[in-house]
Amino acid sequence: MTHPETTVLVVDDDFRVASVHVGFVEAVAGFRVVGQAGSAAEALRQARDLRPDLVLMDVYLPDGDGLEVVRQLLADPDPATAPGAAPAVIVISAANDLATVRRAVQLGALHYLVKPFGFAELAERLTNFRQAQERIAALGDAASQDDVNRLFDLLRPAATPPAEEGRRLAPTLQTVLDAVTARRTDVSAQEIATAIGISRTTAQRALTQLEQSGLVRLELRYGSTGRPEHRYVARTRRAR
């Protein structure tokens with residue numbers, strides 16, 4: 001049985017960061033981004049107009065607190081909304097203080113990802129969420145305790161076996177690679193630095209290492225004068 005796509009609204013006040021997250025989401029099978037908002041007011045409007053299945057919600061927004069938006073969405077005070085139509089929410093934020101994390105949990109957020117995070121971290125949570133939704137649809141009107149346990153297990157990120165951990169890239173390298181992979185076109189060190197919140201020097205050093213490892217390809221863009229600009233494309237980037 002083919003299940004409909006899971007629709008997603010991406011909320012972030014920085015459109016460059018939002019574009020990276022959009023790329024991450026659309027690289028996961030079964031997911032489609034239906035909206036992108038940069039403010040609390042726009043997030044509420046789009047969520048109520050578009051009725052996404054899932055919202056990726058930033059905390060720091062120019063006109064308000066993203067967690068207040070979460071509270072309103074999950075409370076779902078709109079009388080025109082059918083019961084159970086409130087979206088699931090994954091909070092994505094640079095805020096890592098326990099008070100903010102605790103409030104997100106209390107409000108009912110499905111997960112909380114601290115920026116910058118890599119594609120693999122988000123993809124795992126998206127895939128688990130979709131599998132849980134498919135399992136719920138298959139259960140019908142009632143669930144046994146075993147069914148409930150399996151659903152909650154699906155929503156927990158799997159532990160990484162120690163043998164696999166050693167083969168992973170360093171966190172910064174992985175985050176840079178994920179950001180390059182998510183882009184539809186070539187990208188510069190400055191663009192990556194801005195998108196994921198690191199210095200240009202750090203981004204350039206990471207891109208050089210990734211290029212030497214064969215994970216990204218260096219392309220030179222020549223202008224009318226001066227040195228050529230270094231641009232990078234992930235060798236694993238999917239054709240779109």
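Output yes when any residue across the range 120-140 is loosely packed, with under 12 Cβ neighbours inside 10 Å and not in a loop (DSSP other than H, G, I, E, B), and no when none is. Checked the range 120-140: at least one residue is loosely packed, with under 12 Cβ neighbours inside 10 Å and not in a loop (DSSP other than H, G, I, E, B).
Of all residues in the range 101-122, those satisfying the criterion of being free of Cβ contacts under 8 Å to residues at least 60 places away in the same chain, more than 13 Å from Gly66 (Cα to Cα) and not acidic (Asp, Glu) are Arg102, Val105, Gln106, Gly108, Leu110, His111, Leu113, Val114, Phe117, Ala120.
You will find that of Glu211, Glu219, Glu229, the residue that is in contact with a Ser or Thr (Cβ under 7 Å, 6 or more places away or on another chain), surrounded by fewer than 18 Cβ atoms within 10 Å (Cβ to Cβ) and modelled with pLDDT of 80 or more is Glu229 and no other.
Out of everything in the range 150-179 that is basic (Lys, Arg) and either surrounded by 17 or more Cβ atoms within 10 Å (Cβ to Cβ) or not in a helix (DSSP H, G or I) (or both), what residue ends up being modelled with the lowest pLDDT? Quick ask: steps written out before the conclusion?
At the first step, the residues of the range 150-179 found to be basic (Lys, Arg) are 150, 156, 167-168.
Add one more test, that the residue is either surrounded by 17 or more Cβ atoms within 10 Å (Cβ to Cβ) or not in a helix (DSSP H, G or I) (or both), and what stays is 156, 167-168.
Values: Arg156: 70, Arg167: 49, Arg168: 68.
For the range 150-179, the residue satisfying everything is Arg167.
Could you say whether any residue in the range 100-110 is of a type in the set (D, E, K, R), in a helix (DSSP H, G or I), under 26 Å from Leu44 (Cβ atoms) and at pLDDT 90 or above? Steps first, answer last, please.
Going through the range 100-110, the residues of a type in the set (D, E, K, R) turn out to be 102-103.
Narrowing the set further to residues that are in a helix (DSSP H, G or I) leaves 102-103.
Of the ones still in play, those that are also under 26 Å from Leu44 (Cβ atoms) are 102-103.
Then keep just the ones that are at pLDDT 90 or above; that gives 102-103.
Yes, the range 100-110 contains a residue that is of a type in the set (D, E, K, R), in a helix (DSSP H, G or I), under 26 Å from Leu44 (Cβ atoms) and at pLDDT 90 or above.
Among the residues of the range 196-208, those that are without any contact (Cβ under 8 Å) to a residue 60 or more places away in the chain and either surrounded by 15 or more Cβ atoms within 10 Å (Cβ to Cβ) or not in a loop (DSSP other than H, G, I, E, B) (or both) comprise Arg200, Thr201, Thr202, Ala203, Gln204, Arg205, Ala206, Leu207, Thr208.
The residues on offer are Gln36, Gln106, Gln72, and the sole one that is under 20 Å from the mean Cα position of the chain (by Cα) and over 20 Å from Ala120 (Cβ atoms) is Gln36. Would you say Asp13 is over 21 Å from Ile192 (Cβ atoms) and either assigned to a helix (DSSP H, G or I) or among the acidic types (Asp, Glu) (or both)? The answer is no for Asp13.
The values are calculated or read from the model by the stated rules, or taken from the named source; none is laboratory data. Please read all numbers here as calculations on a predicted model, not as lab measurements. No Cβ is skipped: glycine too gets one built from the backbone with ideal geometry, and neighbour counts run over all protein chains shown.
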